[in-house]
1. Filter region 103-136 for residues that are among the small types (Gly, Ala, Ser) and modelled with pLDDT under 85; which is nearest to the chain's Cα centre (by Cα)?
2. Quick check on region 60-111: of everything there that is surrounded by fewer than 18 Cβ atoms within 10 Å (Cβ to Cβ) and in contact with a helix residue (DSSP H, G or I) (Cβ under 6 Å, 6 or more places away or on another chain), which residue is farthest from Val125 (Cα to Cα)?
3. Give me the pairs: first residue in region 48-61 and within 12 Å of Leu8 (Cβ to Cβ), second residue in a loop (DSSP other than H, G, I, E, B) and modelled with pLDDT under 95, beta-carbon distance under 8 Å, and six or more apart or on different chains, which are they?
4. Out of region 112-135, which residues are part of a helix (DSSP H, G or I), surrounded by 13 or more Cβ atoms within 10 Å (Cβ to Cβ) and in contact with a Phe, Trp or Tyr (Cβ under 9 Å, 6 or more places away or on another chain)?
5. Limited to region 71-102, what total is found for residues that are at pLDDT below 90, among the aliphatic types (A, V, I, L, M) and in a helix (DSSP H, G or I)?
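The values are calculated or read from the model by the stated rules, or taken from the named source; none is laboratory data. Predicted model, so just to flag it, every value in this text is computed and none were measured. Neighbour counts run over all protein chains shown; Cβ positions are idealised from the backbone, glycine included.
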Amino acid sequence: MVNESLKLSFQRFEVIKANLQKVKKKDGLEEDNNLGFLFKIVPNKNKGFDKINVVLGVQIEPSEDFSYSIEAVLRGDFTISDGIDDEEKLTLLIHNAPAILYPYLRSYVTMLTSQLSAEQIVLPVMNFHRIIEEVPASELMVDASSYEDISIE
């Protein structure tokens, strides 16, 4: 029997870090592997793991064709309805939260680079399920003391 009341709700997001810096061209810049991602889960243990921050970020290093260094990090606020244990909630988050938050990060980087005289950056479409399935959940978790409610002001 499927629990129809079970749901992961995306509340809102905020940009917590944005850095764009022009870098002087250097000889021998790598063309491959100049893109790195960050994905962390910050549970609110005081709320029984029902409210969670998800942190998703990207770092782009300069290359021969792109002389900027970019770092952008978003924090998304999620809630999960009752009905499953914390391990199942974590699995639900790992498989769905980055896919929900990533389009906002992708759009932000595109908007940020659209104002440059260089080529605009459009991050690739990602299959987070495939990427994250090999990573132990313990490596994705951050201590609950880092949890922060994102307020609407």
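1. Of the residues in region 103-136, the ones among the small types (Gly, Ala, Ser) are 107, 114, 117-118.
Among the residues that remain, those that are also modelled with pLDDT under 85 are: 117-118.
On the way: Ser117: 27, Ala118: 25 Å.
Once the filter is applied, the top-ranked residue is Ala118.
2. My answer is His95.
3. The qualifying pairs are Asp50/Asn44; Asp50/Ser81; Asp50/Asp82; Lys51/Asn44; Lys51/Tyr147; Lys51/Asp149; Ile52/Asn44; Ile52/Tyr147.
4. Selection gives Thr113, Phe128, Ile132.
5. 4
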